[in-house]
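The values are calculated or read from the model by the stated rules, or taken from the named source; none is laboratory data. Predicted, not measured: the structure shown is a model, and the values here were computed from it. Don't worry about glycine lacking a Cβ; one is built from the backbone with ideal geometry, like all the others, and counts go over all protein chains shown. To get the accessible areas, we keep the full protein, side chains included, count just its heavy atoms, and leave off ligands, DNA and RNA. Shrake-Rupley method; radii C 1.70, N 1.55, O 1.52, S 1.80 Å.
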Amino acid sequence: MMQNQCAGLEALFETLGFLSVFYDISCGFVVLFNDPFALLFVILAAIVGIVFGALPGLTAAAAIAMMLPILIAYNDEIGGLAGLAFLYVIGKSGRYGGSIAAILFNTPGTAASAATMQDGYPMTQKGRAGKALKSATIASAYGDYFGEIVLIFGAVVIAAFTRKFGPPENFAIYLMAFVVIGSVVSDSVIKGIISTLFGAVVGLIGEDVITGQFKMTMGIDELEAGMALVPLLIGVFVISEVIVQAEKAAKLKVVNVAPNALDTGEDYFTWVEFKRCIPLMFRSSIYGSLIGMMPGLGSSVACFVAYGEEKRRAKNKDEWGTGVIEGIVAPESANNAVSGPSMIPLLTLGIPGSTIAAVLIGMFLVNGLQPGPSIFAEEPPLFMGGQLISPREFIFGIFAAGLIGIACYALIGYFAASFVGRMIAILPTQYLYPFIFMTALAASYSSRASIWDVGFALLFGVIGYAMRRTNFSAAAFIIAFVLTASMEEAFRQSMIISDNGFLIFASFEYQDKFSYAPIFLLIGIAVVVLRSWSSFTSLKENS
């Protein structure tokens, strides 16, 4: 392991009396800098994420889904840390990249930037696109660093608590996550729950985790190992988006960029403006961090919550929507603050807090790491990038990559966002999306070298398109699919150790220890009741 390199740091922090997390993150930087590919991949991820995020319709999740099979195929050559750092930083820079399209084209590159265009594009129309882009860059980096700090400290503390959980608590947590995701991520509670159940049904296909028997395979040998994550992701996020873009290809050719979108001296985000926005960015980052820790909500919810709340608090609320900096800073701080905290449920409970976190599970498993509280353990060591490191050092190496990645995309965005926007404006979309479509099919095939996976990607591309057209939740579907196997295993284990059948989930004690399972189930019930009541009252007011 990296004990020799980190020994001096450990002695220093013990002398100063710092918390162990400072030693851990410092050791994470040591691990990162000792990996020959990691830093290069972090810089490359910052660029790739910005470009994908700025392309109208494509998202960071789509970029990650396309890159995942390539990284898995070359995992041994580049090392697991470099691959995971690459995907993690794409998620961050992709969220920021969406603001470029929102500000310059009045088309959010990602759903997380939908609120940004309400004041961003009016600023572009006034010839202040440079100021809008720079304020979005600074706010995104601020929120991202805030969220990363929450992740670093929060994950360690929560993991120490959840490490004591047994199968009943784990099942109750998964069930709570299903209920929360299904009832919150969609405009309709019913559609959200249906999306979640559909993901669970697809996730059940394959080998039984206890008996080893095959179920729901319909006699297809290729389904005996279960539905592969990569073709499903590519279908739902990439191919469905290509179909959507094909529908509105004519509209995409009409892209207006302000004549003076390139930066000039008067377009800088001034120190006075920055100081004025600090309290707003701080509050918005808190909104984003809290929402990020709730499975399934994500950046698109955070940006509108922050925008609406800060507009309500503003003295000049009548000017919001006409091109005010606060209308850009609030949603951008919030949507990027989601990035770090959305990893907390994954690392502490094994529950992905976002679709991006769900995609990252595949890369964790390839490297022999099961997301959950045990991931912070010191053993067994892993050999990656020519070095022997513990799982805990590996995770903090990813955190270090996130901190560096934020600085990378902030520097690129601050000085080159308008250039990226102009390049995207002249891209021939009649060639771009067919190229993305062919690349997606190739990525689907490469995951397991199976033509069946290409067919599955096409099938779920059509399903994903249908879900989008009918307002069903793709995010709920994907997260439920990822969680189902672990949830089934926890349920079966609970039944094996239970003396009272299903009552083990309602009891505050099993095997002579306290159980938190009923608490998590009550939280899930409370969320459904509150969400249903909110939908009912909203429907009643509109009728």
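Here VAL528 meets the list (1) open to solvent by 40 Å² or more (accessible area, probe 1.4 Å); (2) β-branched (Val, Ile, Thr); (3) modelled with pLDDT of 80 or more almost entirely, failing just condition (3). Consider only pairs whose beta carbons are under 7 Å apart and that are at least six residues apart or on different chains; among these, list those whose first residue lies in the range 200-224 and is of a type in the set (S, T, N, Q) and whose second residue is open to solvent by 20 Å² or more (accessible area, probe 1.4 Å) and modelled with pLDDT under 80. Here the result reads THR217/GLU224, each pair linking the range 200-224 to a residue that is open to solvent by 20 Å² or more (accessible area, probe 1.4 Å) and modelled with pLDDT under 80.
Taking into account only those residues within the range 199-240 that are of a type in the set (Val, Ile, Thr) and outside any helix (DSSP H, G or I), which is nearest to SER473 (Cα to Cα)? Applying the filter and picking the extreme gives ILE205. On the stretch given as the range 1-36, residues that are at pLDDT 80 or above and open to solvent by 80 Å² or more (accessible area, probe 1.4 Å) total 1. ARG422 satisfies every condition listed in (1) open to solvent by less than 30 Å² (accessible area, probe 1.4 Å); (2) at pLDDT below 85; (3) not β-branched (Val, Ile, Thr) except (1).
Being surrounded by fewer than 18 Cβ atoms within 10 Å (Cβ to Cβ) and hydrophobic (A, V, I, L, M, F, W, C) is a description that applies to VAL201.
For the range 288-321, give me each residue that is hydroxyl-bearing (Ser, Thr, Tyr), within 13 Å of SER333 (Cβ to Cβ) and within 12 Å of the chain's Cα centre (by Cα).
Hit for the range 288-321 is SER299, nothing else.
Figure legend. Inter-residue proximity from the range 340-368: first residues closer than 21 Å to ALA160 by Cα, second residues among the acidic types (Asp, Glu) and modelled with pLDDT of 80 or more, beta-carbon distance below 6 Å, spacing 6+ or different chains. Indicated pairs: GLY340/GLU148.
Can you give me the number of residues within the range 303-325 that are in contact with a helix residue (DSSP H, G or I) (Cβ under 6 Å, 6 or more places away or on another chain) and either at pLDDT below 85 or farther than 26 Å from ILE173 by Cβ (or both)? Outline the logic, then answer.
Here is the first cut: in the range 303-325, the ones in contact with a helix residue (DSSP H, G or I) (Cβ under 6 Å, 6 or more places away or on another chain) are 303, 305-307, 310-311, 317, 320-325.
If we keep only those that are either at pLDDT below 85 or farther than 26 Å from ILE173 by Cβ (or both) as well, we get 303, 306-307, 310-311, 317, 320-325.
Total meeting the criteria: 12.
Does ALA457 count as buried (at least 22 other Cβ atoms within 10 Å of the Cβ) and modelled with pLDDT of 85 or more? Against the criterion (buried (at least 22 other Cβ atoms within 10 Å of the Cβ) and modelled with pLDDT of 85 or more), ALA457 qualifies.
Which of the residues that make up the range 445-475 are among the charged types (D, E, K, R) and either touching a residue at least 40 places away in the same chain (Cβ under 8 Å) or touching a strand residue (DSSP E or B) at 6+ places or on another chain (Cβ under 7 Å) (or both)?
If we filter the range 445-475 for residues that are among the charged types (D, E, K, R), which is where we start, we get 448, 453, 468-469.
The answer is ARG448, ASP453, ARG468.
With respect to being small (Gly, Ala, Ser), under 26 Å from ASP318 (Cβ atoms) and free of Cβ contacts under 8 Å to residues at least 40 places away in the same chain, ALA102 fits the description.
Evaluate the range 243-254: report whether one residue or more is closer than 21 Å to ALA466 by Cα, surrounded by fewer than 20 Cβ atoms within 10 Å (Cβ to Cβ), aliphatic (A, V, I, L, M) and modelled with pLDDT of 80 or more. Scanning the range 243-254 turns up at least one residue that is closer than 21 Å to ALA466 by Cα, surrounded by fewer than 20 Cβ atoms within 10 Å (Cβ to Cβ), aliphatic (A, V, I, L, M) and modelled with pLDDT of 80 or more.
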